[in-house]
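*Asks:* What follows is a single structure, and I will ask about it in a moment.
The values are calculated or read from the model by the stated rules, or taken from the named source; none is laboratory data. All values derive from a computational prediction rather than experimental measurement. For neighbour counting, all protein chains shown are included, and Cβ atoms are generated from backbone atoms with ideal geometry for every residue, glycine included.
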Amino acid sequence: MTSNTQLEINDLTPDAFTAYGWMLGKPMPDGNGVPLYTNPATDFWQEHQFNTGAGGDAELLWVNYRSQSTEIASLEKHLLTQQAIVPLTGAIIQVVARSADDGSPDLSTLAAFHVPQGQGVCMRPGCWHATRVADAEVTCLMLTRRSTTVDLIQHLTTDASATESAITAIPAHQLETLQEQAQSA
């Protein structure tokens, strides 16, 4: 069943994304207790303290996203870990929804964000999500939990049930294209 609601693509800001997790790639903070270093050659600072959940090991993944489909008909979530995605070669559209009390996607919170190259998002455990690209393939760096990756690959390639993730169908929503968004602005 297709929803008549078109899903608008929002600009990524820390406040707009806070219900789902954290925006990554903000300007260097003024300090205020945040570990940072700056000199004429380099700057670095703590952006986020990543949490894999109890007993989890963090891993970096290289991910190539290619889906340009404007239809969002399923969502995925990870139960134990945060998951960070940073686009390296272009922008992505990150679709997110909070979990309802029963753990299903709360479609009243369904939102889409334009995540430019060089910024990123870190989703809370239980945040439902899907990723799309506007043009061609986009390579992203992903920070996740190693056992969640193994569990998800096993689920996607065999009949094994996922224990650290869930994927569910939702009534299809149409993602507004970037061209439509520019025309309506």
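*Asks:* In segment 51-71, what residues are closer than 23 Å to Leu141 by Cα and part of a strand (DSSP E or B)?
*Replies:* Passing the criteria: Ala58, Glu59, Leu60, Leu61, Trp62, Val63, Asn64, Tyr65.
*Asks:* Could you list, in sequence order, the residues of segment 20-77 that are over 25 Å from Thr163 (Cα atoms), touching a residue at least 12 places away in the same chain (Cβ under 8 Å) and aromatic (Phe, Trp, Tyr)?
*Replies:* Selection gives Trp45 alone.
*Asks:* State which residue is nearest to Thr168 (Cα to Cα) when the search covers only segment 79-90 and only residues that are over 11 Å from the mean Cα position of the chain (by Cα) and not polar (S, T, N, Q). Before the answer, list the steps.
*Replies:* So the first thing to find is which residues in segment 79-90 are over 11 Å from the mean Cα position of the chain (by Cα), and the list is 79-81, 88-90.
Checking which are not polar (S, T, N, Q) leaves us with 79-80, 88, 90.
Working: Leu79: 13, Leu80: 17, Leu88: 28, Gly90: 27 Å.
Looking at residues that are over 11 Å from the mean Cα position of the chain (by Cα) and not polar (S, T, N, Q), I get Leu79.
*Asks:* Given the conditions (1) more than 22 Å from Thr148 (Cα to Cα); (2) touching a Cys at 6+ places or on another chain (Cβ under 9 Å), report the number of the one that Gln117 does not fulfil.
*Replies:* (2)
*Asks:* Just name the residue that is surrounded by the fewest Cβ atoms within 10 Å (Cβ to Cβ) out of those in segment 17-50 that are closer than 20 Å to Cys140 by Cβ and either out of contact with any strand residue (DSSP E or B) (no Cβ under 9 Å at 6 or more places or on another chain) or of a type in the set (Gly, Ala, Ser) (or both).
*Replies:* Residues of segment 17-50 closer than 20 Å to Cys140 by Cβ: 17, 20-26, 47-48, 50.
Going one step further and asking which of them are either out of contact with any strand residue (DSSP E or B) (no Cβ under 9 Å at 6 or more places or on another chain) or of a type in the set (Gly, Ala, Ser) (or both), we end up with 21, 25-26.
Numbers: Gly21: 20, Gly25: 15, Lys26: 13.
It comes out as Lys26.
*Asks:* Now for a separate question. Select, from Thr89, Thr158, Thr168, the only residue that is in contact (Cβ under 8 Å) with a residue 60 or more places away in the chain and among the polar types (S, T, N, Q).
*Replies:* Numbers: Thr89 fails: in contact (Cβ under 8 Å) with a residue 60 or more places away in the chain; Thr158 fails: in contact (Cβ under 8 Å) with a residue 60 or more places away in the chain.
Result: Thr168 is the single residue among Thr89, Thr158, Thr168 that is in contact (Cβ under 8 Å) with a residue 60 or more places away in the chain and among the polar types (S, T, N, Q).
*Asks:* Same structure again: Please specify each residue of segment 150-172 satisfying the condition of being in a strand (DSSP E or B) and farther than 17 Å from Glu59 by Cβ. Before you say what the answer is, go through the steps one by one.
*Replies:* First, the residues of segment 150-172 that are in a strand (DSSP E or B): 165-172.
Ala166, Ile167, Thr168, Ala169, Ile170, Pro171, Ala172, listed by residue number.
*Asks:* Hey, could you check segment 119-147 for residues that are assigned to a loop (DSSP other than H, G, I, E, B) and modelled with pLDDT of 95 or more and say which is surrounded by the fewest Cβ atoms within 10 Å (Cβ to Cβ)? Quick ask: steps written out before the conclusion?
*Replies:* We begin by selecting, within segment 119-147, every residue assigned to a loop (DSSP other than H, G, I, E, B); these are 119, 124-127, 133-137.
Now narrow it down to the ones that are modelled with pLDDT of 95 or more: 119, 124-127, 133, 137.
Working: Gln119: 17, Arg124: 19, Pro125: 19, Gly126: 14, Cys127: 24, Val133: 20, Glu137: 12.
Among them, the one singled out is Glu137.
*Asks:* Could you check how many residues of segment 1-46 are more than 30 Å from Asp106 (Cβ to Cβ) and not in a strand (DSSP E or B)? Show your work before the answer.
*Replies:* First pass over segment 1-46, keeping only residues more than 30 Å from Asp106 (Cβ to Cβ): 27-46.
When the remaining residues are screened for being not in a strand (DSSP E or B), the result is 27-35, 40-41, 46.
Matching residues across segment 1-46 total 12.
*Asks:* Within segment 104-118, can you find the residues that are among the polar types (S, T, N, Q) and either in contact with a helix residue (DSSP H, G or I) (Cβ under 8 Å, 6 or more places away or on another chain) or surrounded by fewer than 15 Cβ atoms within 10 Å (Cβ to Cβ) (or both)? Give the steps one after another, and end with the answer.
*Replies:* Let us first name the residues in segment 104-118 that are among the polar types (S, T, N, Q), namely 104, 108-109, 117.
Once the filter is applied, which keeps residues that are among the polar types (S, T, N, Q) and either in contact with a helix residue (DSSP H, G or I) (Cβ under 8 Å, 6 or more places away or on another chain) or surrounded by fewer than 15 Cβ atoms within 10 Å (Cβ to Cβ) (or both), segment 104-118 yields only Ser108.
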